1. For a label point 7 Å from the Cα of Leu78 along Cα→C-beta, name the residues of segment 27-59 whose backbone N is under 11 Å from it.
2. Take the Cβ-Cβ distance between Glu404 and Val201 as r, set R0 to 35 Å, and report the resulting FRET efficiency rounded to the nearest 0.05.
3. Hey, can you rank 135-142, 420-427 by average C-beta count inside 10 Å, highest first?
4. How many angstrom separate the Cα center of segment 34-59 from the Cα center of segment 337-408?
5. Please sort 314-322, 400-408 by packing, taking for each peptide the average over its residues of neighbouring beta carbons within 10 angstrom, highest first.
6. Between His312 and Glu434, how many nm apart are label points set 7 Å from Cα along the C-beta direction?
7. Return the distance in nm (one decimal) between the two label points of a simple spin-label model at Asp323 and Ala192, each offset 7 Å from Cα along Cα→Cβ.
8. At what distance in angstrom do the alpha carbon centres of segment 65-118 and segment 290-308 lie from each other?
Amino acid sequence: MAKGKLHNTERVPDRAILVGVQIAAEPGLLPLEDSLDELALLADTAGLEVATQTYQRINTPNPKTLIGKGKVHEIKALAEELDAQVVLFDDELQPRHQRELEEEFGDKRRVIDRTALILDIFAQHASTHEGALQVELAQYEYRLPRLTRAWTHLARQGGGGGGRSGVGGVGLRGPGETQLESDRREIGKRIARLRSDLEKVRAHRGRYRAQRKRSRIPIIALVGYTNAGKSTLLNALTQAEVYVADKLFATLDPTTRKVRLPGGREALFTDTVGFIQKLPHTLVRAFQATLEEVKEADLLLHVLDVTHPNVHEHAEAVMQTLDEIDARHVPMLTVLNKIDRLDDPESAQAALAEFDGAVAVSALTGQGLDDLLAAVSNKLYETLTPIEVTLPYEQGALIALFHEQGQVDLVEHTRAGVKLRGRLPGRLLARYSEFAKSGRKVAATATSSKAE
């Protein structure tokens, strides 16, 4: 089946009006105007033409339409004046909001939200079977509570795999409650099948990761806000030829390449999907198999576009997503990218002062890459963190790994297992966290010291 898109590429792109809403008690991560500018970039990536943008600051959401009645009439008049076919909201709409707004704006116009837009972009950019499964699952989970008169009946989506049919497409009026119930059951079955298929993918990835860990080659995952330059950085380090474009979510499926570090050691670098503020929860859940690459990594490279005016907010959005996928325990190195765009070298030094322990690079020109690889090697092999664990005797591999990769100060054989006290490279802490003395996960920010 053809990939879902918000417009027909064989004709003039649909025109969209962007609508931002700021609720007094729920300030966004980005300023309202900046968030709308980002939405415009997303719309461009999806193939929409932005006709104009507007916003409303409110104290309390309208229970029917989210925005005020007067604003609804204003947007409707704008759509008629500008011949806009799409009204695009910057936040995820509740199903009731979407239904009421569709009634207000009429059948000629589609009402979509930021979540639907991102899902559509992901559908366009998923180039592997795994990526397609993850996007389709996310789309169905998003659509299920939104089955209404505007739902395009599954039978019309020839070829199966309806999850990629285009979240913004104009649907026919539903044939009645009986048909809607039938559609709900059909979607429920597809969701169950997709989850089963993705569980198999997850198990396969788990076995593959176990093999990589047995090889003792550390895994470095590149994370960052979308369009921060992760793919360009991977290309610069590995000549991986990963697709690069100045668009949001230009790459979706992970790419892994081997890199030689200073001293001759090797590491595997994995480029992962870019993060963004207001990342749909349905996507985070659906991409669990892929995002486990982040959770199971030995080190995270947090790539930031140092030239972006909202760089601090982007960093916070990434950290929030890492919290959501339970990956904050993984050691991290901050990489300030695109320093070639700065006006002067002092700007780079000022930026480094704001991000503790960061490395400044230009993935485009190669500046700072040697320093980056040296910092990666230091994080992986030279910076050791104190730890005390009691390992059950059946965990022989972990006992041996502690002796091989760490510094052992105490070995004590007890009834519960082997008690080890010493120091380990930060990249290994996650493997020992459940056996740590406190019974809690070892924090990646624990006090560390240099190996002698």
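Bear in mind that the values in this text are calculations on the coordinates, not laboratory data. A quick note: this is a predicted structure, and the numbers were derived from the prediction, not measured. Quick reminder, even Gly has a Cβ in these numbers, built from the backbone with ideal geometry, and neighbours come from all protein chains shown.
1. Only 51-56 pass the distance filter.
2. Computed FRET efficiency for Glu404 and Val201: 0.65.
3. Values: 135-142: 24.1, 420-427: 20.9.
Ranked by mean Cβ neighbours within 10 Å, highest first: 135-142, 420-427.
4. Taking the Cα centre of each part, segment 34-59 and segment 337-408 sit 37 Å apart.
5. Numbers: 314-322: 19.3, 400-408: 15.0.
Descending mean neighbour count gives 314-322, 400-408.
6. Distance between label points: 3.9 nm.
7. 3.6
8. If you average the Cα positions of each part, the centres end up 35 Å apart.
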